[in-house]
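In what follows, a structure is listed as structure tokens, so that the remarks can point back to it.
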Amino acid sequence: MKASWKYLVVPLAVGALIFAGCGSDDSSDDSGSSDTTTTQSQPADNSAMGGQVLKLAADPSGALAYDTTELSAKSGKVTLDFTNDSPVGHDVVIEDSNGKEVGSTDVITGQSTTAEFTVKPGTYTFYCSLPGHEEAGMKGTLTVK
Ligand SMILES: [Cu+2]
């Protein structure tokens, strides 16, 4: 435990400095955060930088389903990485608990796309907006802590 504790302290201290810098200087935050994350693979550090990525895929055989009905994220910026390898077009729309849309992807077929949005703690829903798809089961819950 002693050795791993020592290695933890330095990245956390650097992360705190960069994070503090982001709040007061918007012009340089992008380049600074990408440099520091290259040496860190821990999810905790990535989320501190606002860089969490959620992966979601449509059923590759063409069934009206995603590969999961439950996603979870931490409060802040989210990049949704959506893959649809099936021959059927799909998208993803994210709504908050009031039914207000907070993010969406393009309708894609046989490729991947991303959508970026910001979430607060609470329960969100995601679904496919193509006619009949949500009703057939292309929907799920995004829980944000
Ligand atoms: Cu769909």
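The values are calculated or read from the model by the stated rules, or taken from the named source; none is laboratory data. Not measured: the values here are computed from a predicted model. Every residue, glycine as well, gets a Cβ built from its backbone with ideal geometry; the counts of neighbours run over all protein chains shown. Just the protein is used for accessible areas: all its heavy atoms, side chains included, with ligands, DNA and RNA removed. Shrake-Rupley method; radii C 1.70, N 1.55, O 1.52, S 1.80 Å.
Filter segment 82-98 down to residues that are away from the ligand (no atom under 16 Å from the Cβ) and open to solvent by 40 Å² or more (accessible area, probe 1.4 Å), then give me how many there are.
Selection size over segment 82-98: 2.
Checking the condition open to solvent by less than 40 Å² (accessible area, probe 1.4 Å), modelled with pLDDT of 95 or more and within 13 Å of the ligand (Cβ to nearest atom), which residue from THR105, THR79 passes?
So the residue among THR105, THR79 that is open to solvent by less than 40 Å² (accessible area, probe 1.4 Å), modelled with pLDDT of 95 or more and within 13 Å of the ligand (Cβ to nearest atom) is THR105.
Among the residues of segment 111-145, which ones are within 14 Å of the ligand (Cβ to nearest atom) and not in a strand (DSSP E or B)?
Result: CYS128, SER129, LEU130, PRO131, GLY132, HIS133, GLU134, GLU135, ALA136, GLY137, MET138.
Residue check: is THR68 open to solvent by less than 60 Å² (accessible area, probe 1.4 Å) and in contact with a Phe, Trp or Tyr (Cβ under 7 Å, 6 or more places away or on another chain)?
Considered against the rule, which asks whether it is open to solvent by less than 60 Å² (accessible area, probe 1.4 Å) and in contact with a Phe, Trp or Tyr (Cβ under 7 Å, 6 or more places away or on another chain), THR68 comes out as no.
Hey, does segment 94-110 have a residue that's in a strand (DSSP E or B) and out of contact with any Phe, Trp or Tyr (no Cβ under 8 Å at 6 or more places or on another chain)?
Yes.
Within segment 109-132, is even one residue in contact (Cβ under 8 Å) with a residue 60 or more places away in the chain, basic (Lys, Arg) and out of contact with any Pro (no Cβ under 6 Å at 6 or more places or on another chain)?
The answer is no, given that none of the residues of segment 109-132 is in contact (Cβ under 8 Å) with a residue 60 or more places away in the chain, basic (Lys, Arg) and out of contact with any Pro (no Cβ under 6 Å at 6 or more places or on another chain).
Consider LYS74 against the criteria (1) surrounded by fewer than 19 Cβ atoms within 10 Å (Cβ to Cβ); (2) within 12 Å of the ligand (Cβ to nearest atom): it satisfies all of them except one. Which criterion is unmet?
Of the numbered conditions (1) surrounded by fewer than 19 Cβ atoms within 10 Å (Cβ to Cβ); (2) within 12 Å of the ligand (Cβ to nearest atom), the odd one out for LYS74 is (2).
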